[in-house]
Each structure stands twice: as structure tokens, then as C-alpha cells.
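**Q** Structure below; questions to follow.
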Amino acid sequence: LDTAAAAVQNFTTRGMEIGSATAEVGKWADAVAFYGDGTNETLTTVTDAIGKMLTKGTVEMDQLNRLTDAGINAVGMYAQATGRDAAKVQEHLSKGKISAQDFVTTVSSAFEEGTNGVLNISGAAKEAGATWATTISNMKAAVTRGITSMLDEINESLSEAGLGTIQEGIKGIGEVTENVLGT
């Protein structure tokens, strides 16, 4: 959820309306879950590439490569959805004849609706979320947030009492240990 929220923020800071940004992130999360490895890192890479395309208004090779590396054949999906040849689509993209907005919208709509035989992958991220690996990953993130919150509260209480922070205490223990071992 943190990664998806960051992706939505990325899209909105690039000028996309929040409802549209949320919908797009959901679609691309499905693509990452279905075609890619379903990791937060891959979702971040893919949504960053999409965001850069939309900001520039053009689809550049380095951003397409990031999608392809994630397992998403966006050019092939665009070609299939529009009934064109993939080589022609690639040529039109390189010449700027296809806008980034048209490209992104066509591809994401195609894999969410199953346009022209493109596989309908709607809901793939939700299904991927039901795996043990994802469940354990989500648990780790929740535990980390809980521990961080607890440590922040302890630090605040220690600071208010004039005792410093946990980090300062650990640093002090390290310095004393270093001095003892050094002698």
C-alpha cells in the first residue's frame, strides 16, 4: 500500500487527477503482479517509467525498456489492442506520432478490459496479495511500522525526561565497548 500510495502521489505531482492516478496505479499493479514478479520494487520502476512518459508526453526507449524488463510487453499490447503491427507501433513511438497519454491509456485499458484479445488481467494484484509470500511481506511491513512507532514514542519520552534517545544510548554503549576493548 505504501508503494501504491507513493505511485499515486508520483502521478498526481505530474498533473494527473487523483482519481485517475489511483485507477492507473491499480491497473499497473495488476500488470506487475500478472506479467512481472509482483514486487514493490518492480511496481515502483513501472510507475516511475509511466510517470516519466506522461510528463514528457512521449514514449522513449529507456522507459519502454523498463516496462519490458518488468515483463510487460507494452508495445505488443498496444499493437494488439489497436490492430496494428508492433514494428509500426515502435516506429510511430520513436517518431512521436503516438502520445504518451494515448499509449499508456490504451495499454492499461487493454489489459484491464481484454481489448482485442489482450489478456484481461483485472484483479491480478489482489489475487497475488493472497499468496503466502505477499502475506508474509505485508506482515513484515506492518511489524516494522509498529516497532518504528513504538521506538519513536520511547525516544520522545526519553528526550522529554532529558535522557537522550535510544540511538544516543546505543552509540554510547558502542563507544564504551570500543574503549574497553582498545585497552
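**Q** For the chain, set up a GNM with springs between Cα atoms under 10 Å and report which of 70, 21, 141 has the largest fluctuation.
**A** 141
**Q** Ok, one more. What size of dipole, in debye to the nearest 20, comes out for the stretch 24-177 about its Cα centre when the only charges are +1 on Lys and Arg C-beta atoms and -1 on Asp and Glu C-beta atoms?
**A** 600
**Q** Same structure, new question: Starting from the Cα of residue 157, step 7 Å along the direction of its Cβ; do the same at residue 178; then give the gap between the two resulting points in nm.
**A** 3.0
**Q** When only C-alpha pairs under 8 Å and at least 6 residues apart count, what is the relative contact order of the chain, in percent? Each step should come with its number before you reach the end.
**A** Values: 186 pairs, mean separation 33.0, N = 183.
Relative CO of the chain lands at 18 percent.
**Q** If the viscosity is 1.306 mPa s and the temperature 10 °C, what Stokes-Einstein diffusion coefficient in µm²/s follows for the stretch 32-102 when Rh is the Kirkwood radius over Cα pairs?
**A** After rounding, the answer is 129 µm²/s.
**Q** Another question, if that's okay. Give me the net charge for the shell around residue 46: Cβ to Cβ below 14 angstrom, other residues only, Lys and Arg +1, Asp and Glu -1.
**A** -4
**Q** Also, quick follow-up: Enter the per residue convex hull volume of the chain, computed from alpha-carbon coordinates, in Å³ rounded to the nearest integer. Don't skip to the answer; put the middle values down first.
**A** Working: hull volume 31.4 nm³, N = 183.
Roughly 172 Å³ of hull volume per residue.
**Q** Which trypsin sites (Lys or Arg not before Pro) does the stretch 1-105 hold that lie in a coil by DSSP with at most 12 other beta carbons within 10 Å?
**A** Passing both the DSSP loop test and the Cβ count: 95, 97.
**Q** Counting helices only, and only those DSSP H runs with n ≥ 4, report the 222 nm mean residue ellipticity of the chain as the sum of -39,500 (n - 2.57) divided by its residues, in deg cm²/dmol to the nearest 500.
**A** Computed mean residue ellipticity for the chain: -24500 deg cm²/dmol.
**Q** Turning to a different aspect of this structure: Roll a 1.4 Å probe over the protein chains and send me the accessible area per residue for the stretch 139-183 in Å².
**A** Per residue, the stretch 139-183 has 83 Å² of solvent-accessible surface.
**Q** Same structure again: Checking the table 27/140; 27/97; 56/97; 52/97 against a 22 Å threshold on Cα-Cα, which pairs fail?
**A** The answer is 27/140; 27/97.
The values are calculated or read from the model by the stated rules, or taken from the named source; none is laboratory data. Since the model is a prediction, treat every value here as computed from it, not as a measurement. Every residue, glycine as well, gets a Cβ built from its backbone with ideal geometry; the counts of neighbours run over all protein chains shown. All accessible areas refer to the heavy atoms of the entire protein, side chains included, with ligands and DNA or RNA removed. Shrake-Rupley method; radii C 1.70, N 1.55, O 1.52, S 1.80 Å.
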